[in-house]
Each structure stands twice: as C-alpha cells, then as structure tokens.
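One structure is given below, encoded as structure tokens.
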Amino acid sequence: MKKLHFLSIILCFACFNLTKAQSDNTDVLHYEINLNVNNLQQNTHIGFSEITFLLLEENPEFIEFDLRNQTIDSVFLDGNPINYTYQNNKLRFTPSNEEINNDTLRLKVFYQGSNNVEPYNWGGIHYSNSIIYTLGVAFSDYPHCYGRSWFVCKDNFTDKATFDFIITTNKNVKAVCSGNLINEIENENSKTYHWRLEQNAPTYAVGMTIADFSKLERDIITENGNIPLNVFYFANDSTAIEENFRHIDSAFLCLEKHFGKFQFNRLGYCTTPQGSMEHIDNISLAHSLGANYSLQSQSVIVHEMGHSWFGNLITCATSGDMWINEGWTTFTERLSLAAIFGEDVAKQHFRNKIESVIKDLPFDEGRFALSGVNSDNTYSSTVYDKGALIAMSLKTYMGDSLFYSSVQRLLQDFAFSNIDSYTLRDSLSSYSGIDLRDFFNYYVFDTLTHHFAIKSCSFAENSARIKITSRTETDSNSPCTNIRIPITFMDSAFNRYEAMIIDNGQEFEHNFSLPFTPQAAFLDFDEEFFDLTTDSYKIISEPSNYEFKNSYFKANITSCQDSVLLRPTLHWVGANQEQLPEGVSRFSQKHYWTIEGVNLDKAEIEAKFYFKISFSERDFDNSLLPDYASKDSLMLFYREDAESPWYRIEANYPSSSSGYVSTKLRKGDYIMAIGDKNLVGLKDDFQKEEKIKIYPNPSKGEINISHPELKEDANIRVFSENFSLIYCDKTKKNKNNSVIYLDIPKGCYFIELQSKNKTFTEKLIIN
C-alpha cells in the first residue's frame, strides 16, 4: 500500500479497538463472498459470506469472526441456523456437539450494509458517484486489516485463504475483483461476475471495484510464460493510462529477474477515486495518479507491483514488522525505476528518501526501530523509506549475488506464508552463510543510525592506507562493529577498484594493494548504504554552474583543463572536534561537508555551501545562531582531513538569513562556525601544501627527513611495500629535520611522520 501524502496526520490518531485478540481456534480455508450491489445510487449491498474453516480444538468456548458495521440477518453452520451474538464488530457463537459433525465446517452469514469506511475515511468499502471500491487497510483501526468492512472474515495477517467473489451489479458497469474471471452471467436487469483467487491470501489483500470501466489489456512476455496485464480505467484517462503503463514490462521483468517468478494470475490495476492499494490481481490506483503521467505515478505503479513479492507472496506476521511488506516493496522501486528511466533517476529518487529519513531522525517517527514499530506508526516513513534504505544496505552488506539468491530462496520457502524480522534474519543468514546478527541488531532491532567517514588517507604507487571513523547520531562514543562498508578507489583516468571494509570499532585503519596508483577514495560511492550522509558526484568537462541538491552544495566551474570528478558529501552530524580554535564560540553541531574528487587541480572551482538561520529546529543552523546573532559572526572553517586542525578561510556571505557561502574549492572538510572574527585570523588556505622531503632518494640507508617544524613529539615509521612495519622511532618537537639509519634490503618503502595533528607519507627507494 502506498503511503499517503498527508501521512503525518494519520500518526496523530491513537490506536483504538484494542480489544481481546481474535480466537485462534480456527483456520480459514476458503471464503465465498456473494454480494448484490445492483442499485449503485442507493449505496447499499446485500448478500452473504460463506466461510469454510477447520476447527482446531474440541469443544471451543466460542468461535469468533469479524464484521464491521453491518446488519446480520441470519447465520448458518453447515446449513443449520444457529444462535449467535454480534457486538463490537464481532460475530460470536458457541456450537454444540450436535452442530459439529467434522473438523471442516461451513459458516454462512447473511448480511447487508452500505458505505462502511474507517474514521479517517480511507480504508473500507466506499460508495462514490456510482463507483464502489474497497481499500483493505485502515490506518486508525487495529488490526489494520480491513476485509471486515465488507465481508465476514478472520481479519488478520496470518490466516490466509482462497476466495470466490460473486458480485451482481448493474449492466452498465463492470465488477472487478482479485483472481481470475470465471464467468459473466447476463441477468434480466443485471449482470453477475464470478472471480476466483486460488492462491492463499490475507483478508486485507483482496479487493472489489465496480465502475463504468474501459480496459487496457495485453500480455507481458516473460521466460516463465505470458502474464496478462489488465488495467481498468475511466474512459477519459486513456492517453495517460497508455503512457503510465508503456514501460511497465521492463520493471516487471527486472523484478522477476531479481526475486523470482511472479506467482499470481495476472497483473491487474483498477482506477479508484482515492488511494493506492496492493490488492492481489486488482491493484487500486488513485485516479489522480493514473490520469497524470509523472515520476510519482510511475513510482506508485511499480511500488504496488512490487507487493507481488513482498506483502502478497510473503507477508509480515504482525503489523510490527510491516517493513517486510512496505520497506522491501519500496526498495523494489529502486530497481523498477532504474529499469524504466535509468540509474540516475532511480538514484535521485532514493537520495530524496535518504534525506527525508535523516531529517526526521531527531524529531519524530524516523527514530523508531524497524521491527516492533507501534500501531500509530505502522505506515510511517520509518517503515517505508527507512525500511527500503535498510533493505538496500543489506544488499550492499551481503553483496548483490548472495543477496538476490538468498532472497529468492526466502520467497520460495515462505511463499504464501508469514515471516517476522527474526525469521528473515535467520533465513538469509542460513542461505548466504553470512552472520547477519550484527547488521539486524544495529539497523532493524535498534533505533540508531550510524555515521561513517574517512578520517585520513595516504596514497602511494599501487597502494593506499585509509583510516575510518564510525559513530551513531546520538552518541559519538558509541561504535558499531562488524559492519561491512563499501569503499571505492579511483585513479586520474576514473578507473575504479572496489573493496569492502569491515568496521571493528570506533576508529580503524586498513591497507590496500591496488592495480593502479589512486588519487581518491570514496565511502559508498554508489550510494547503496544508508548512513548519516547525502552525496552524489558529477563528472565535469565544461565550465558551468552545477547543483548537488541533496548535499546542499553548488559549484561554479570557471575553467576546466580536463575532465574532473567532484563529489561533495553532506554529513548530517557535527564534526568531531575536541577543541575549538581561539575566538570561535561554536561549530555547527548538525552538519559539515567533505569535498572529494579526481583531477580537481585541473579546474578552477568556486564552492558554495548552503546555510539558513531561523528559529525552526528543523533548519541546519538554528543551533548555530539560535538567537539570530549577527551574521557578521558567521565564519567558514576548513581542514585538510579529520586529523588536521580547523582554520578559518576567506569566504563570501549572502546578505539574507539564508543562502550560499562561497569560497575557492579544495579537497577537505568545511564547516560553519560563529565567533569573534577579530580573534580568528584568516589563513591562506591555498598556500603550498606542507610536505616532508627525504634525501637522498634513492638511498643506501642513511636518510635525511626534512619536515615542517613540529609543535609536539612525532613518530617516524617505515613500512614495506605491503605496509608491514619495519622501523619505528621518535623525533622531538621544535625540530624540522631528522636523520634515520636503515639496514634493509633493496626495494620500495614508505616513510611516515605522524604527529598529533598531522600525518606525512613519502615513498622511499633503497638501492
């Protein structure tokens, strides 16, 4: 089911009707729903529901089924009238031994009713201008299943059954239900439609729609045979419907490739006045979307199709694990939109979700754990968007091949049944051979979201050394361990080398042997892992203005000697900084930027960083300037990396309370600060970069090291080509030259000088 745009209002509703849980002494096998809605103007229906069920215990105290706000005329058990009660939307009866002849019983309930919709006016059976439609989920009722709004049923996620729908209505309209059409019978003044769903389905996932429909009909050609595509729509919408479903075949084939064979009868859609809902074979598509072609309509259409695997094929065991239905289905949007529009469109679609979830984290439902979400937030952004991002991250964590093969096995083994998050974890672990307990503990069962960043990196010929830091959004001292993070190395020709880092603590270091000499290293270059960052990249070969929307960054390229890759990352946390520079009152505690790239020295670039001063706690810089202090105190600070000190740099500031702070760009970190500019001097941030010099090089063993004057003691370390430590010594502060003596074999080595705030590395040849 697609989240409504006004979902936030839903969350204001308190869960009610938390009455005694349904009796679990029955197992429903089949429903026959026989309704007469021949007078659409009268807004009424009359008929019966027949339930075939197994009795799971002897001499039950009572048997109970659900039916909301209807008038019951009579009740029969195995053809015999019985006594019953109907209170609080519960049909209850206690059969005698004489009334129970075997374990399989048939309950037939004759009833009538009319428009029957939840207080929120979404789920239920709707009568709207000669159109009748059902929406199987209620936001304000619990359980959220809403089959009970139009037929007698055991209304929960787990008691699945097959269905027959026999609907009699006016001759000038069509009745469309879940399943296959068995027959149409012309009556004297009406028409009867018989639909049959032979797959086991939960009560919320079946639907009925009656309207004066036109029909789009064709086959989707697959390796597993032809799948009928049926779209029932209002006649005036034919052009938009054709456009909206022009490319659905590509998305369908993409999902079959990744998740296995489509297991239902047809891919069916029905236009309805409101709401989009994943009814099996009879997906409700809100008229406002179907009648207008847009990226939004496409995302909803493919989302509801994705439920054919997540929600309809496998179903969450309880609403507390709704992310299995909705989060995984939202993840399928990423694949479907890429199949239709290409990777760039799909990535941007998900970038927006990442930003939305991160923005919500400190304030409302975005902080909830995925598993065990409460009933007020069953259909929240946590479940949909955060759930999708965690499914995507799991793919990256496991690797594409293992992920998709394991998920396919899951869908096969649990087809037409229910799972919870623990079953999901254990099954995928078993199939893949990867222990997923840590991943699920951090990302599914916990409320925290993690932040990863490159603290420092050094490159040499065919090698790299990378230091990584990690923390949570609430506790900078809280590490997450055994988390796999993708890293990409890139040379000046944009050649890529992919690796995976395993985080085993708050700060860790890795050495890499590479097929080329790298120029840059990027965490999660392809944006496939959810953490507290938003980023994207552009390969630029012409001067122009470029916007990186989700990074809140712009670049004005005034000259370009060669193609450059520019990647700004917005960190949605404050930078780790133990001590503020003199004269600085505070750094931004909400965000900072990292600028990375390839060949950036081949271009003249003006960097522009967004800020906004306001009282709203949702704005970046409300905590930076909470009292609307003068923008004269606003400063931009820069550091080369997280092991280097911050210093103030020259920048231009807008005159308004929001806009872009601009400066000349170089690689490194940038952060907003306030303080007394009279006490914080400007540093020429584009002065010649400090380096060490070693001579002679090549050397026979006696090596002079010339370096910037040190303000504290430093370590001198020598590493072999594979980064094995072979020498270690110290140099004293207030020195700018050191001498060491090495008795080592011929070859290539690396000398590292590391102080508290600086690390220098140079290559050494011993001959």
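Read-outs throughout are calculated quantities, based only on the coordinates presented, and are distinct from any laboratory measurement. Fair warning: this is a prediction, and the values are worked out from it, not measured in the lab. Note that we place each Cβ from the backbone using ideal geometry, even for glycine, and neighbour counts take in every protein chain shown.
With the convex hull drawn over the C-alpha atoms of the stretch 316-428, the volume per residue is 103 Å³. Backbone amide hydrogens, once placed in the peptide plane, bring Leu29 within less than 5 Å of Thr52, Phe53, Leu54, excluding anything fewer than 5 places away on its chain. Couplings 3J(HN,Hα) for the stretch 644-656, derived from phi with the Karplus relation 6.51 cos²θ - 1.76 cosθ + 1.60 (θ = phi - 60°), are 9, x, 7, 8, 6, 10, 5, 8, 10, 10, x, 7, 8 Hz, where x marks Gly and Pro. A simple packing score, the average count of other Cβ atoms within 10 Å per residue, orders the peptides 161-170, 673-682 as 161-170, 673-682, with the highest score first.
If you add up the charges near Glu98, with Lys and Arg at +1 and Asp and Glu at -1, over every other residue whose beta carbon is less than 15 angstrom from its beta carbon, what do you get? Please list the in-between numbers first.
Values: positive: none; negative: Glu58, Asp78, Glu99.
Overall, the nearby charge balance is -3.
Beta bridges from DSSP with both residues in the chain: antiparallel share about 90 percent, rounded to the nearest 5. Across the options Asn704, Asn121, Val373, the greatest Cα extent toward the positive end of the charge dipole of the chain (unit charges at beta carbon of Lys, Arg, Asp, Glu) belongs to Asn704.
Ranked highest first by the average count of other Cβ atoms within 10 Å around their residues, in what order do 254-260, 697-703, 174-180 fall? List each step's numbers first, then the result.
Working: 254-260: 18.4, 697-703: 13.4, 174-180: 23.9.
The densest-packed peptide leads the list: 174-180, 254-260, 697-703.
Between the amide H of Ala201 and those of Ala161, Thr162, distances stay under 5 Å, these residues lying 5 or more places away or on another chain, with hydrogens modeled in the peptide plane.
Compared with the direct C-alpha span, the chain from Tyr741 to Thr85 gains 226.6 nm at full extension, assuming 0.36 nm per residue. Here the relative contact order of the chain, from alpha carbon pairs under 8 Å that lie six or more residues apart, stands at 7 percent.
Residues whose amide H comes within less than 5 Å of that of Ser417, counting only those at least five positions distant or on another chain, are Thr315 (H built at 1.01 Å from N in the peptide plane).
For the stretch 17-212, what is the convex hull volume of its Cα atoms per residue in Å³? Don't skip to the end; give the middle numbers.
Numbers: hull volume 22.5 nm³, N = 196.
That works out to 115 Å³ per residue.
Strictly over 32 Å apart at the Cα level, which of Lys455/Lys538; Lys549/Lys763; Lys467/Lys730; Lys261/Lys353; Lys664/Lys730 would you flag in this model? Flagged as over cut-off: Lys549/Lys763; Lys664/Lys730. Taking a 32 Å limit on the Cα-Cα distance, which of the listed pairs Lys174/Lys257; Lys395/Lys590; Lys108/Lys174; Lys359/Lys602 fall beyond it? Beyond 32 Å: Lys174/Lys257; Lys359/Lys602. For the stretch 533-543, the Karplus equation 6.51 cos²θ - 1.76 cosθ + 1.60, evaluated at θ = phi - 60°, returns couplings of 9, 10, 7, 6, 9, 9, 9, 10, 10, 9, x Hz by residue, with Gly and Pro reported as x.
Sorting the Cα pairs of the chain by distance into bins of 20 Å, from 0 upward, gives 15, 40, 28, 14, 4, 0 percent per bin.
Couplings 3J(HN,Hα) for the stretch 737-753, derived from phi with the Karplus relation 6.51 cos²θ - 1.76 cosθ + 1.60 (θ = phi - 60°), are 8, 9, 10, 10, 10, 10, 10, 9, x, 4, x, 9, 9, 10, 9, 10, 10 Hz, where x marks Gly and Pro. Which GluC sites (Glu not before Pro) does the stretch 118-226 hold that lie in a coil by DSSP with at most 10 other beta carbons within 10 Å? Loop-located and lightly packed - Glu188, Glu223. Rounded to the nearest 20 debye, the dipole magnitude of the stretch 233-447 is 320 debye, with +1 charges on Lys and Arg beta carbons, -1 on Asp and Glu beta carbons, and the Cα centre as origin. With the dipole of the stretch 450-531 worked out from charges on the C-beta (+1 for Lys and Arg, -1 for Asp and Glu) around the Cα centre, which of Thr517, Ala499, Phe530 lies farthest toward the positive end? Ranked along the dipole, the leading option is Thr517. Take 203-214, 393-404 and order them by the average number of nearby Cβ atoms within 10 Å per residue, most first; the result is 203-214, 393-404. Only DSSP H runs of four or more residues enter the estimate; each adds -39500 (n - 2.57), and after division by the residues of the chain the mean residue ellipticity at 222 nm equals -5000 deg cm²/dmol.
Here the chain is treated with +1 on each Lys and Arg Cβ and -1 on each Asp and Glu Cβ, and its dipole about the Cα centre works out to around 2040 debye. Think of the stretch 233-447 as having a plus end and a minus end, set by charges on the Cβ of Lys, Arg, Asp and Glu; of Ser401, Leu285, Leu253, Ser401 sits farthest toward the positive end of this dipole.
If Rh is defined by the Kirkwood formula over all Cα pairs and Rg also comes from Cα, what ratio Rg/Rh do you get for the stretch 450-531? Let's see the in-between values first.
On the way: Rg = 12.8 Å, Rh = 13.0 Å.
Checking Rg against Rh, the ratio lands at 0.98.
Rg then Dmax, both in Å and based on the Cα atoms of the stretch 415-469: 17.7, 55. Inter-label distance, Lys602 to Glu461: 2.2 nm, where each label sits 7 Å from its Cα along the C-beta direction.
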